[in-house]
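The values are calculated or read from the model by the stated rules, or taken from the named source; none is laboratory data. What you are looking at is a predicted structure, and each value in this text was computed from that prediction instead of being measured. Cβ atoms come from the backbone with ideal geometry, glycine included; neighbour counts cover every protein chain shown.
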Amino acid sequence: MKIGVPTEIKDREFRVGLTPAAIESLVARSHEVKIQSGAGLGSGFSDREYADAGAILVDRAAEIYAQALVVKVKEPLRSEYKLLQSESILFTYLHLAADRELTQALIVSGATCIAYAAVQLTNGLLPLLTPMSIIAGRLAVQFGAHFLTRQQGGRGVLLGGIPGVSPGRVVVLGGGVVGTEAIRIAIGMGARVQVLDVNLTRLGELENIFGSRVEYLFSTPANITAAVADADLVIGAVLVTGSRAPVLVSKELVSKMRSHSVIVDVAVDQGGCIETVHPTSHTNPVYEAEGVLHYGVPNMPGAVPWTATQALVNATLPYVRSIADFGLDALNRDPALAKGLNIKHGKITHPAVAAAFPDL
């Protein structure tokens, strides 16, 4: 199969869809891989390394999108819509339930679109989302701590405190992969941590991991209100697979938070679980609303591309190989991959996306 890997054009997105080692393994299976010149530089991979691995380097994105399989990291942006081909398979992160414009563009393109985040094993695990969720969860607290400093517009709180001064309070909404990693980093910094989740079994699992260092709360409106109003840093870590994130924190509740506290909503790429959050970028990551600093970068792992690219490709490569070897029949061979199918030949195929846009 002919495979294309474009340069990512989202703001400061330095990840790349395939590493040289991954391309070498695909070429060894008699597949042809074209990669856009400079695509891997941000992740630490030179054009020479790709050429040595057997890739064909091209300058024009249009040539990449003309390949049978296009392997990306982030969703196509407006300038890329017109490049999509009806005969192509697009394999990348797609969060369509929160993005009507992109959904419409993919329908019009006629391309077959498979979303990393929707690929799901029989046990419910999301193998292509998990590595980036781990990174995003850990970065959420790092970035939150950074923006809590007064020089960045925050309250001037040191999350770990010092003897004689209370540590900062971190509230994590959601106890999944992102939430777990956020808790790990927050307690490592010495913060006081509360986590809220609707799954009591999951709260019990978290207690087995972290013990008495964390307060485990069932997620109710009353508990959310009490915890968020008293927080220095709120981490939004809610995920409903394929669907828009539920809004758990209202604008009114944000207005009750301490002045210059910080919100980091990792769920922003699925619409966000904080009413006042909207997507930002690595160039302009924060804004103030209701006296609170909001961080809404939807591609957080792009900040650590050397780590993130390798982690992502480790997870995606077996599926890329399968699609390259078998074409769309790979969906019949692998039920987990089939769950990732979002759009095919101009029609929405994923139930959550169809529910979000019933008129489409």
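For segment 181-212, name all the residues that are in contact with a strand residue (DSSP E or B) (Cβ under 7 Å, 6 or more places away or on another chain), part of a helix (DSSP H, G or I) and not charged (D, E, K, R).
Result: Ala182, Ile183, Ala186, Ile187, Leu200, Leu203, Leu206.
Looking at Glu8, Glu32, can you tell me which residue is out of contact with any Asp or Glu (no Cβ under 8 Å at 6 or more places or on another chain) and closer than 23 Å to Thr283 by Cα?
Residue meeting the stated conditions: Glu8.
Residue-wise test of (1) in contact (Cβ under 8 Å) with a residue 12 or more places away in the chain; (2) surrounded by fewer than 21 Cβ atoms within 10 Å (Cβ to Cβ); (3) outside any loop (DSSP other than H, G, I, E, B); (4) not assigned by TED's automatic domain parsing to the domain that holds Thr103.
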residue: Lys10; (1), (2), (3), (4): yes, yes, no, no
residue: Val16; (1), (2), (3), (4): yes, no, no, no
residue: Ala22; (1), (2), (3), (4): yes, no, yes, no
residue: Ser25; (1), (2), (3), (4): yes, yes, yes, no
residue: Arg29; (1), (2), (3), (4): yes, yes, no, no
residue: Val33; (1), (2), (3), (4): yes, no, yes, no
residue: Glu63; (1), (2), (3), (4): yes, yes, yes, no
residue: Gln67; (1), (2), (3), (4): yes, no, no, no
residue: Pro76; (1), (2), (3), (4): yes, no, no, no
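Quick one: is Ala231 touching a residue at least 12 places away in the same chain (Cβ under 8 Å) and under 22 Å from Glu101 (Cα atoms)?
Criteria not met by Ala231.
May I ask you to list the residues in segment 35-55 that are in contact (Cβ under 8 Å) with a residue 60 or more places away in the chain and not in a loop (DSSP other than H, G, I, E, B)?
Gly42, Ser43
Based on this model, can you work out whether Gly242 counts as surrounded by 24 or more Cβ atoms within 10 Å (Cβ to Cβ), assigned by TED's automatic domain parsing to the domain that holds Phe218 and modelled with pLDDT under 95? Spell out the reasoning first.
On the way: surrounded by 24 or more Cβ atoms within 10 Å (Cβ to Cβ): yes; assigned by TED's automatic domain parsing to the domain that holds Phe218: yes; modelled with pLDDT under 95: yes.
Taking the combined requirement at face value, the residue satisfies it.
I'd like the residue in segment 334-351 that is in contact with a helix residue (DSSP H, G or I) (Cβ under 7 Å, 6 or more places away or on another chain) and part of a loop (DSSP other than H, G, I, E, B) and, out of all such residues, is surrounded by the fewest Cβ atoms within 10 Å (Cβ to Cβ).
So the residue we want is Gly346.
Quick one: would you say Thr92 is closer than 29 Å to Asn284 by Cα, in the same structural domain as Lys34 (by TED's automatic domain parsing) and either touching a residue at least 12 places away in the same chain (Cβ under 8 Å) or under 21 Å from the mean Cα position of the chain (by Cα) (or both)? Steps first, please.
On the way: closer than 29 Å to Asn284 by Cα: yes; in the same structural domain as Lys34 (by TED's automatic domain parsing): yes; either touching a residue at least 12 places away in the same chain (Cβ under 8 Å) or under 21 Å from the mean Cα position of the chain (by Cα) (or both): yes.
Criteria met by Thr92.
Just give me the residues in segment 1-59 being of a type in the set (D, E, K, R) and under 30 Å from Pro279 (Cβ atoms), in sequence order.
Once the filter is applied, which keeps residues that are of a type in the set (D, E, K, R) and under 30 Å from Pro279 (Cβ atoms), segment 1-59 yields Glu8, Lys10, Asp11, Arg12, Glu13, Arg15, Asp59.
For Ser322, are the conditions met, namely being over 22 Å from the mean Cα position of the chain (by Cα) and either assigned to a loop (DSSP other than H, G, I, E, B) or not aliphatic (A, V, I, L, M) (or both)?
yes
Would you check if Val5 is in contact with a Ser or Thr (Cβ under 9 Å, 6 or more places away or on another chain), closer than 21 Å to Tyr116 by Cβ, in contact (Cβ under 8 Å) with a residue 60 or more places away in the chain and crowded, with 17+ Cβ neighbours inside 10 Å? Reasoning before the result, please.
Values: in contact with a Ser or Thr (Cβ under 9 Å, 6 or more places away or on another chain): no; closer than 21 Å to Tyr116 by Cβ: yes; in contact (Cβ under 8 Å) with a residue 60 or more places away in the chain: yes; crowded, with 17+ Cβ neighbours inside 10 Å: yes.
No, not satisfied.
Going residue by residue through segment 281-291, is there one that turns out to be buried (at least 22 other Cβ atoms within 10 Å of the Cβ), in contact with an Asp or Glu (Cβ under 9 Å, 6 or more places away or on another chain) and either in a loop (DSSP other than H, G, I, E, B) or assigned by TED's automatic domain parsing to the domain that holds Glu75 (or both)?
No.
List, please: which pairs have Cβ atoms under 9 Å, are six or more places apart or on different chains, and start with a residue in segment 297-314 that is on the phi > 0 side of the Ramachandran plot and surrounded by 24 or more Cβ atoms within 10 Å (Cβ to Cβ) and end with one that is hydroxyl-bearing (Ser, Thr, Tyr) and part of a helix (DSSP H, G or I)?
none
Restricting the search to segment 343-360, which residues are of a type in the set (Phe, Trp, Tyr) and without any contact (Cβ under 8 Å) to a residue 60 or more places away in the chain?
none
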